[in-house]
1. Output ³J(HN,Hα) for the stretch A:71-76: one whole-Hz value per residue in order, computed from phi by the Karplus curve 6.51 cos²θ - 1.76 cosθ + 1.60 with θ = phi - 60°, and x for Gly and Pro.
2. Within the stretch A:146-227, which trypsin sites (Lys or Arg not before Pro) sit in a loop by DSSP and count at most 16 neighbouring Cβ atoms inside 10 Å?
3. Compute the signed sum of charges (Lys and Arg +1, Asp and Glu -1) over the other residues within less than 10 Å, Cβ to Cβ, of A:Asp224.
4. Would you look at the GNM of chain A, springs on alpha carbons closer than 10 Å, and say which of A:Arg67, A:Arg44, A:Arg306 moves the most?
5. Which of the three applies to the protein assembly as shown, rounded, prolate or oblate, going by the alpha-carbon gyration tensor with a ≥ b ≥ c and a/c under 1.5 meaning rounded?
6. For A:Leu53, B:Leu41, what's the fewest-to-most ordering of other Cβ within 10 Å of each Cβ?
7. What residue among A:Pro108, A:Trp345, A:Val266 has its Cα farthest toward the positive end of the dipole of the protein assembly as shown, where the charges are +1 on Lys, Arg and -1 on Asp, Glu, each on the Cβ?
8. Helix-only estimate, please: 222 nm mean residue ellipticity of chain B, summing -39500 (n - 2.57) across DSSP H runs of length 4 or more and dividing by its residues, to the nearest 500.
Amino acid sequence: MTQAIQLLVGTRKGAWIYRSDEARAAWAAEGPLFLGQIVNHFVRDPRDGRTLLMAASTGHLGPTILRSTDGGATWAEAKRPPAFPKGDPHGRSVDHSFWLEPGHASEPGVWWAGASPPGLFRSADGGDTWESVEGLNLHPQVTDWFPPEGGTPDGAILNQIVVDPRDARHMYLATCSAGVLETTDQGATWRPLNRNVRCDFLPDPYPEFGQDSHYLALAPTDPDRLWQQNHCGIYRLDRPGERWERIGEAMPREIGDIGFTIVPHVRDRDTAWVWPMDGTEAWPRTSPGGRPAAYRTRDGGASWERQDRGFPTEQGWFTVKRQAFCADACDPLGLYIGTTGGEIWMSGDEGESWRQIAAHLPEIYSVVAVPAA
Amino acid sequence: MIRVSIPSQLIAYTDGATRVEAEGASVGAVLDDLDRRHPGLKFRVVDEQDRIRRHVRIFIGQEEARATNEPVPPGGELLIFGALSGG
């Protein structure tokens, strides 16, 4: 059964909300919201269904968090956005917040933010004021995990925070220079979780940390199953195991297993989608061969099938970034991608076919699908 | 009282005003007072380590300020600009 969906779209030049009908057939745009603001992430709180947070900055000004507590009718700026403490021993200041994560269901009002340079911040008041999480930000190894010269073309980032739905104390981080980090005490202590994850760009190809974890997802029906799209391949880890398995080895050789994101099925622990990006030679990070496609596994990564019906069959050089591929929870499940060329495409049949629902937007950074309020 | 010129990127904080007034004997003090009058403005201009942000330029009269501890003379003027950053 399907239902009306809202897509929260963050772009390099502002934010938009796309609203569908119950069949997800017709879409209407609202926006631009905050035209000119660089919106890295735009998220709704699943616990109350009406708090919206936006990680924003501009080309000139420092970063902030924009908040709505009434589903987007009115907006205000966070009173104290994420920032390192004054006098930080490493001299850090937040360039931009990259990822916003609602806290555990048992902790209403708690939010987490990941930033560039890598830093973790916590709010206990619905995103209005933020505190530095010193267990990570002042960890004795913080400069090993996040060397000042490390990072992506847009800077070093703590690019993702994942909270175990069974235990508010258990969290994972995905980072661009320390791979995956895990805490079991809600951020007081951390340890790397990267065994058998390859690092093509370091002398030791299997270090304890140093990996670039692009995206991490827990299977919604089995939070012990972790899916990871890494800079160097697609991986899966079933906890309490510690050793990641490179399930991307089963991808077609000519496509490879490089990409930015991975989307698990909301009801099936063995199903997930990836969006492959060309990782050859100069790392163009475009659809391999100019032929856009998602790839789906239905057996935990043992095999993958191509899903490209509806996409351009030639000269389609899509780039889909970390937060710009998502699913809804409908049956059949809907999938959504946002491209750096400003297009949104959707599938209403679990990837079997795709159609464009928006074009001509600025470079898309994030797409989040939520049920209509 | 210091006269302050506000760039377009910050007029959302000043109800659209491009010219406002604030008190203070240094760049940082003027920005602190501006932030009291227009909450949130300072953090968009100066980071948490009191560094002027990379794409913001602040002038005391005709002279560019490089740090927030530079003095502002009584009755002087502070001009805030968005530096070259766009596209």
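The numbers here are math on the coordinates, done by the rules we state, and not lab data. Just so you know, these numbers come straight off a predicted model, no measurement behind them. Reconstructed Cβ throughout: ideal geometry from the backbone, glycine too, with neighbour counts over all protein chains shown.
1. Per residue, the Karplus-derived 3J(HN,Hα) values read x, x, 5, 9, 10, 9 Hz.
2. Numbers: sites: A:Arg166, A:Arg169, A:Arg195, A:Arg198, A:Arg225; in loops: A:Arg166, A:Arg169, A:Arg195, A:Arg198.
Taking the stretch A:146-227 and a limit of 16 other Cβ atoms within 10 Å, the loop trypsin sites (Lys or Arg not before Pro) found are A:Arg166, A:Arg169, A:Arg195.
3. Numbers: positive: A:Arg166, A:Arg225, A:Arg239, A:Arg269; negative: A:Asp164, A:Asp222, A:Asp238.
Around A:Asp224, the charge tally is +1.
4. Answer for the Gaussian network model of chain A: A:Arg306.
5. Values: a/c = 1.88, a/b = 1.55, b/c = 1.21.
Taking the square roots of the gyration eigenvalues as a ≥ b ≥ c, the protein assembly as shown is prolate.
6. Working: A:Leu53 27, B:Leu41 23.
Least to most surrounded, the residues fall as B:Leu41, A:Leu53.
7. A:Trp345
8. Calculated from helices alone, the mean residue ellipticity at 222 nm is -5000 deg cm²/dmol.
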